[in-house]
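Derivation of every value follows stated rules applied to the coordinates shown; laboratory data play no part. What you see is a predicted model, and the numbers here were worked out from it, not measured in a lab. So basically every Cβ, Gly included, is an ideal-geometry build from the backbone, and we count neighbours across all protein chains shown.
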Amino acid sequence: MSSISIIGLGQMARVLADRALDGGNTVEVIGRDAAKAAEVAGALGRGATAGTVGAAPAGDIVILAVPHGSAVPLVGQYGDALAGKVVVDITNPFNSSATGVVTPDGTSVAREVAKAAPASVHVVKAFNTVFGHVLAQRRPLDVFIAGDDARAKASTSAFIESIGLRAMDTGGLEMAQWLEGAGVLMMGLGRQGVGNYDFSLGVSIAA
Ligand SMILES: NC(=O)c1ccc[n+]([C@@H]2O[C@H](COP(=O)([O-])OP(=O)(O)OC[C@H]3O[C@@H](n4cnc5c(N)ncnc54)[C@H](OP(=O)(O)O)[C@@H]3O)[C@@H](O)[C@H]2O)c1
């Protein structure tokens, strides 16, 4: 069982919180609107609690379920309140047409989050290649992850497995930029090859 804090009260936050609770994890949802956070926690039930942005998160794993532009400022705002935490960045820094990313070449939101965080924080990129509505369907999925710290990746993987999904390690945090690129790839597939967004990206391993 993991203790999870989720910052954000939108689509991804709610579905991740719901899945996390189903997997027997403890969940705190954190939003800048305290009343809305309490409402979301109440609707989730199963012991979910509400936290306020800026106060030390209760969870050992803190998921940033916010727009990409909010991730780095938020981590800066938290500062030492995040010390020792595993921070999971799920963001996709799409441009306005979702045909590219707005991050400069050679970096990623996850890398910038790691730079902004205290040294004791370990950042893991995960869940950005999973559509929220597909996650809500409870079908088997691969969740690609990237990060520099083996223990942080192990605890993130344990959380992913607890909700019935398969964690697929892609390597160090330098791989986060390609995971963010894979988010763009998924949008292209949705527009063209698949023709809708009701699909997932996964690995098929030859027997
Ligand atoms: N939706 C998907 O299928 C999907 C899939 C993979 C990855 N992602 C990524 O997941 C992230 C969240 O997506 P979403 O679809 O859940 O977005 P969303 O429904 O728009 O929710 C975003 C949430 O972030 C909160 N927020 C924004 N800035 C904040 C700040 N500075 N401090 C605290 N909370 C803040 C918003 O709070 P307020 O209500 O107060 O504005 C809102 O609750 C995005 O980065 C997205 O790229 C989404």
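Of note:
- Conditions (1) of a type outside the set (D, E, K, R); (2) without any contact (Cβ under 8 Å) to a residue 40 or more places away in the chain; (3) crowded, with 17+ Cβ neighbours inside 10 Å; (4) away from the ligand (no atom under 13 Å from the Cβ); number of the one not met by SER162: (2)
- Matching option when the condition is crowded, with 21+ Cβ neighbours inside 10 Å and either within 14 Å of the ligand (Cβ to nearest atom) or over 21 Å from ARG139 (Cα atoms) (or both), among GLY47, GLY8, GLY42: GLY8
- Within the stretch 117-134, tally of residues that are crowded, with 20+ Cβ neighbours inside 10 Å and outside any loop (DSSP other than H, G, I, E, B): 5
- Any hit, the stretch 71-80, residues being within 12 Å of the ligand (Cβ to nearest atom) and part of a loop (DSSP other than H, G, I, E, B): no
- Options VAL66, VAL86; residue that is of a type in the set (A, V, I, L, M), more than 14 Å from the ligand (Cβ to nearest atom) and over 22 Å from VAL194 (Cα atoms): VAL86
- Residue tally, condition assigned to a helix (DSSP H, G or I) and touching a Lys or Arg at 6+ places or on another chain (Cβ under 7 Å), over the stretch 135-176: 3
- GLN177, sole failed condition from (1) more than 22 Å from ILE6 (Cβ to Cβ); (2) surrounded by fewer than 21 Cβ atoms within 10 Å (Cβ to Cβ): (2)
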